[in-house]
Structure formats: structure tokens, C-alpha cells
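*Asks:* Sharing a structure with you now.
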Amino acid sequence: MVRYELIAPCHFGLEAVLKKEIIDLGYEITEVENGRVSFEGDAEAICRANIFLRTAERVLLKVGGFQALTFDELFERTREIPWENYLPKDAKCWVKKASSINSKLFSPSDIQRIMKKAVVRRMQAEYDLEQMPETGSEYPLRVFFYKDQVTVAIDTSGDSLHKRGYRQLTSKAPITETLAAALIMLTPWKKDRILVDPFCGSGTFPIEAAMIAAGIAPGLNRSFLSEDWKNLIPRKCWYDAIDEASEMVDDTVEVDIQGYDIDGEVIKAARENAKRAGVDHLIHFQQRPIAELSHPKKYGFIISNPPYGERLEEKKDLPALYRQIGERYKALDSWSMYLITAYEDAERDIGRKADKNRKIYNGMMKTYYYQFMGPRPPKRKTGDTVEA
Ligand SMILES: C[S@@+](CC[C@H](N)C(=O)[O-])C[C@H]1O[C@@H](n2cnc3c(N)ncnc32)[C@H](O)[C@@H]1O
């Protein structure tokens, strides 16, 4: 099968998590940059990456890379790309998104217009067309300019991969599914350990954790744009990837995953979302304020994003709320706690400095991932871990 360079964009700061996922899927990494990881793969890899990667925002097929300092150069270099190798005669192809950092060319609308013209010119010549009919499948382009180096790629995913299809109801400030999955994967949590999200909102952390535990691939219940690309991806590749994902599901797995929130309506929404994700039987959701958080067992994990003052009127309540978090955490024996929040005084009010702190951009918002590490549970003689 033809080999391609594939690019998976991700949240800034979480490249290492995505890199590991791609290696675990069996592909060779070619480059890691801020906010994206590139790897090598064939048509089958496009299907598997879309279906299995939990922390990638999308999967792009790289078709060109060159320097362009002027629009003439951009036109010529774009026209030199062998578009006929990627696009059928009736393809609908356009620059869906152009981004530019530290480059001479930066006007998205001009970049879009000139590159589109170059693609059309090449296709007209190759297919001997007066006009491109554009009646067929969509091949949207994503183009990045960085220090005048242009990367041209076709989006294989369509809707962003954080849209797993299960979250139709959201709370006030939901975390994206890809970010939640990455934050869980950054911790040592495994399916045999307790996980509690005391501010679960629409349930994203518990649902992503349950999907990981049950081996449910994030893309199993959605479609992808490149399913229509009969010229590049044989149907069999999609069927094989779906079969592989289906065989991995074990929803009889035993887990202890809980989601709490002070808001009863939000808990209802979380239950609905979990049902759509096929993991409602694996999560205990309950309306409960943080002040009432307790757990009889040891060595559990709190993974959560507490309110961070999204709305101005909530800001004044943050010191008291984070003090409560600190108190409830202190009362839990041997637990670890991982909190993502934009609240700058979190450690002061929790009353303890985090063992590790990681800066993560959630869109344009700077947030911190505070990591309070509890002890590891003692090993059983067999090598298994125990939960006291
Ligand atoms: C930033 S949101 C969490 C969003 C969630 N991660 C999601 O993906 O939907 C914070 C949540 O904390 C809840 N909350 C606010 N005060 C609370 C309290 N004292 N105890 C428990 N939950 C609280 C809010 O109802 C809200 O759903």
C-alpha cells in the first residue's frame, strides 16, 4: 500500500501523550512539533488512527511541504503538488483552514484563493477539464505557514475527533473529550483503580475513563470524511479497523468510576451522555456537593476540572471552594488528585503545593494541571495491585 506522512494535531502541551498513542498503535513517528505529531502510515493507518486515537484532534494526510515567500511562489509550489494522485476528477477541494505564524504570507483569504486556483489549474491540465465539476467527495485542505515553510494537508477526519458522538448534552464549561482523555492518560490511573470526578459536569472524565477501561475506541460510533475517498482508501480498510475495534471491547470489565456534581440537571445530562457512549453501567453518577466527598477505600484518584471562575459572579466563591477541595482531599487516605483549572490561586487555597504542575492550553485559555501524588498501592505477591 502507498505510504503517506500523516499529521495528527493535538492540544498544546500534550504531544507526548499522543506520540505514545501513535507508537502503541504501531506507527513510526517522523516529527513532533508544538501541537502536532507526524507519523508514517498507509490507507489502513488513516482508518485506524481516526478510530483509535483518543488524544488527536484530527488526522491529516500531508501532500506537500515547501517554502513560499510570495504569492507567486505559493501558486507555483501548490500547482507542482501531484493533486491527481489524491483527488478524483470530480473532487471538491478547497482550503478549509489556513494558519500562519512568523511568515510573510498571512492573509487567510488570499492564501485560500491562490491555493484553490493552483489546485484547479493542475487538475484541469491533468484531467483535461475545462472546469472542475466538484460534484464528488470532499477533500478539504488544512495549510500551516511557519517561518515561511508551508505544510499542505488534506483533512481525513471531517468533524474534529473530540466529537465522539456521545456528548449531546453539555454543562456550562465542558472540557473537550480529547483533552480529558489525555489528562487521564497522563496519570498512572488504570482500570483496577478508583476514579472520582467530584465536579463531573456532563461526565467527560468518567465517560472517557470508562471507555478506556472497556477498550471502547473513541471513533467506533462516528463517521469520518475519508470514508468517501474510494480512490485512496479501500472499504476493506475501514471494515478491518472497525472489526479490530469491536473485538477489543469488553464492557463487562469491573471498574469503580464515579461522577458527582452539585447540579442535579447536569448529572442527568451526564447519565444520558454515558448511555450514548455505552458506559452508563460502568459509572455511578450522583448529585453531591464537594463538601460531602468521601470514600472508604484507599489509593483512589480524583481527576477533575473544578469551577475556575468562568462567570464573574463565581470568582468570589473560588477561595472557599478550593479550601473545601483541600479539606476533602486531606480526609481521603492515600489518594492522588489531578486538577485542571485556570484558577491561579488553587494551590494556596487547597493548602498544599502540587507535586507536579503542567501548563496546558485549553484553546486560548492558559490552565494548570496540578498533580498531587498519593503513594502507590502495595504489590501483591502475584505482582497484581491490591485495593485496600
Ligand atoms: C468546569 S465544570 C466541569 C465540566 C466537566 N468536566 C465537563 O466536561 O462537563 C465545573 C462543574 O462543577 C460543578 N460545581 C460547582 N460547584 C460545586 C460544588 N460545590 N460541588 C460539586 N460540584 C460543583 C458545576 O455544576 C459544574 O458542572
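*Asks:* Enumerate the amide H contacts of Y146 below 5 Å, restricted to partners 5 or more residues apart or on another chain; note that Pro and chain-start residues carry no placed amide H.
*Replies:* I101, T151
*Asks:* Moving to a separate point now. How are the Cα pair distances of segment 275-359 distributed, in percent, across 10 Å bins from 0?
*Replies:* 15, 45, 31, 10
*Asks:* Among 188-198, 38-48, 53-63, how do they line up by average Cβ neighbours within 10 Å per residue, starting with the highest?
*Replies:* In descending order of packing, they fall as 53-63, 38-48, 188-198.
*Asks:* What shape does segment 62-184 take by its C-alpha gyration tensor, where a ≥ b ≥ c are the square roots of the eigenvalues and a/c under 1.5 counts as rounded, a/b above b/c as prolate, and the rest as oblate?
*Replies:* oblate
*Asks:* Beyond a 24 Å Cα-Cα separation, which of these cross-linked pairs lie in this structure: K96/K230; K19/K104; K268/K315; K19/K96? Before the final figure, lay out the partial values.
*Replies:* Details: K96/K230 21 Å; K19/K104 31 Å; K268/K315 26 Å; K19/K96 26 Å.
Table pairs above 24 Å Cα-Cα are K19/K104; K268/K315; K19/K96.
*Asks:* Given the chain, what percent of its DSSP beta bridges are antiparallel, to the nearest 5?
*Replies:* Around 60 percent antiparallel, to the nearest 5.
*Asks:* Classify segment 1-108 as rounded, prolate or oblate from the Cα gyration tensor: take a ≥ b ≥ c as the square roots of its eigenvalues, call it rounded if a/c is under 1.5, otherwise prolate when a/b beats b/c and oblate if not.
*Replies:* oblate
*Asks:* Which loop chymotrypsin sites (Phe, Trp or Tyr not before Pro) in segment 95-162, with loop taken from DSSP, have no more than 14 other Cβ atoms within 10 angstrom of their Cβ?
*Replies:* Sites meeting the loop and neighbour criteria: F106.
*Asks:* Rounded to the nearest 500, what is the chain's calculated 222 nm mean residue ellipticity when only DSSP H runs of at least 4 contribute -39500 (n - 2.57) each, over all residues?
*Replies:* -9500 deg cm²/dmol, from helical runs alone.
*Asks:* At a Cα cut-off below 17 Å, give the aspartates and glutamates reachable from K330, other chains included and same-chain residues fewer than 8 away excluded.
*Replies:* D197, E292, E347, D349, D355
*Asks:* Oh, and also: Step through the residues of segment 285-291 one at a time and calculate ³J(HN,Hα) from phi using the Karplus curve (6.51 cos²θ - 1.76 cosθ + 1.60, θ = phi - 60°), rounding each to whole Hz and writing x for Gly and Pro.
*Replies:* Running phi through 6.51 cos²θ - 1.76 cosθ + 1.60 with θ = phi - 60° gives 9, 7, 6, 6, x, 4, 4 Hz.
*Asks:* Rounded, prolate or oblate, given the Cα gyration tensor of the chain, with a/c below 1.5 counting as rounded? Can you show the working numbers first?
*Replies:* On the way: a/c = 2.37, a/b = 1.83, b/c = 1.30.
Note, shape of the chain comes out prolate.
*Asks:* Let me ask something additional. K366 to E130: FRET efficiency via 1/(1 + (r/R0)^6), r the Cβ-Cβ distance, R0 35 Å, to the nearest 0.05?
*Replies:* 0.10
Every number here is computed from the coordinates shown, using simple stated rules; none is lab data. Owing to the predicted nature of the structure, the values given are computational and were not obtained by experimental measurement. Virtual Cβ from ideal backbone geometry, glycine too; neighbours counted across all protein chains shown.
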